[in-house]
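So the structure is just underneath, and the comments pick up after that.
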Amino acid sequence: MAEADKPSWLERLSHFLLREPEDREQLVELLHSSFEKSLLDADALTMIEGVLQVSETQVRDVMIPRSQMDVIDISKTPEEFIPFVIETAHSRFPVIDDDKNDIIGILLAKDLLRYYAGEDFNVRDMLRPAVFIPESKRLNVLLKEFRSNRNHIAIVVDEYGGVAGMITIEDVLEQIVGDIEDEYDFDETEDNIIRDAEGRFRVKALTEITDFNETFGTEFSDEEFSTIGGLVVSKFGHLPKRGESITFNNLQFTALRADSRRLHALLVVKTPSEESNE
């Protein structure tokens with residue numbers, strides 16, 4: 001009976017929060033105090049802080065810059081751009097007319113199934129309207145618009161009307177819940193390193209350095225960094241953005257996926273000098 005009389009965690013949290021905070025800073029302090037008293041776990045605290053930050057964060061802070069956007073040129077045939085679609089493995093692509101400032105629509109990768117089905121296929125007919133938003137839009141407002149419009153991607157424009165970048169609903173949600181597994185997150189440990197048809201390797205950043213060494217014949221030390229992602233970030237000297245590359249030990253490392261918090265996946269290519277020594 002004594003166990004039944006104990007207040008639930010929700011009752012304890014409600015009691016603790018009776019001291020009404022007067023501003024956001026006090027609210028955050030109260031949440032951290034709740035965590036220290038085991039009224040909130042680490043995941044719950046992170047998510048609540050993420051929700052609070054979303055209302056203060058602007059699109060420009062988390063968008064994918066224009067230079068790193070993966071786009072399809074309308075002038076190319078499906079035979080020319082489908083290998084690129086397969087390589088990048090995104091679900092949606094902005095389509096341009098020669099220049100990234102001239103985005104004419106969004107192509108869903110699933111619509112390419114019609115091409116493989118042998119149906120009449122015209123890329124322009126498959127395009128969905130592109131949604132354009134200002135850099136200053138706040139993420140909480142954008143998330144509400146994404147939900148109400150059932151849209152998952154928006155093109156970000158600067159004050160002059162030029163394309164500054166793009167943002168997806170995943171980018172917004174990751175500010176709240178952290179990393180969301182996607183096409184570059186492999187479920188099985190043995191799939192941390194995947195070789196493609198061209199001999200390149202997609203490597204999960206959390207791959208243990210010992211496993212990486214075994215696959216690539218390298219001798220990287222795991223004393224300072226236990227994962228290949230940690231080693232690569234240290235070589236960059238900063239958290240790399242998607243598309244950034246660095247070469248060392250006859251290997252070229254390109255950031256396949258990274259957000260504002262961490263590096264998630266790498267593309268690793270052996271340089272000619274490495275291949276010649278095999």
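Computed from the coordinates by the stated procedures, all read-outs in this text should not be read as laboratory data. As the structure is a prediction and not an experimental result, all values here were calculated from the model. No Cβ is skipped: glycine too gets one built from the backbone with ideal geometry, and neighbour counts run over all protein chains shown.
Inter-label distance, Arg128 to Glu214: 4.1 nm, where each label sits 7 Å from its Cα along the C-beta direction. All other residues whose Cβ lies under 13 angstrom from that of Val71 are scored, Lys and Arg at +1 and Asp and Glu at -1, for a net of -2. Between Thr271 and Gln68, the contour length at 0.36 nm per residue exceeds the Cα-Cα span by 70.8 nm. For region 128-150, backbone nitrogen atoms closer than 19 Å to the point 7 Å from Val177 Cα along Cα-to-C-beta are found at 139-150.
I need His264, His90 ordered by Cβ neighbour count within 10 Å, fewest first.
His90, His264
Once you reduce region 39-75 and region 95-132 to the center of their Cα atoms, the two points are 25 Å from each other. Put a dot 7 Å past the Cα of Ala109, heading toward its Cβ, do the same for Ala42, and the two dots end up 3.1 nm apart.
The length gained by stretching the chain between Asp99 and Glu145 to full extension, at 0.36 nm per residue less their Cα-Cα distance, is 13.9 nm.
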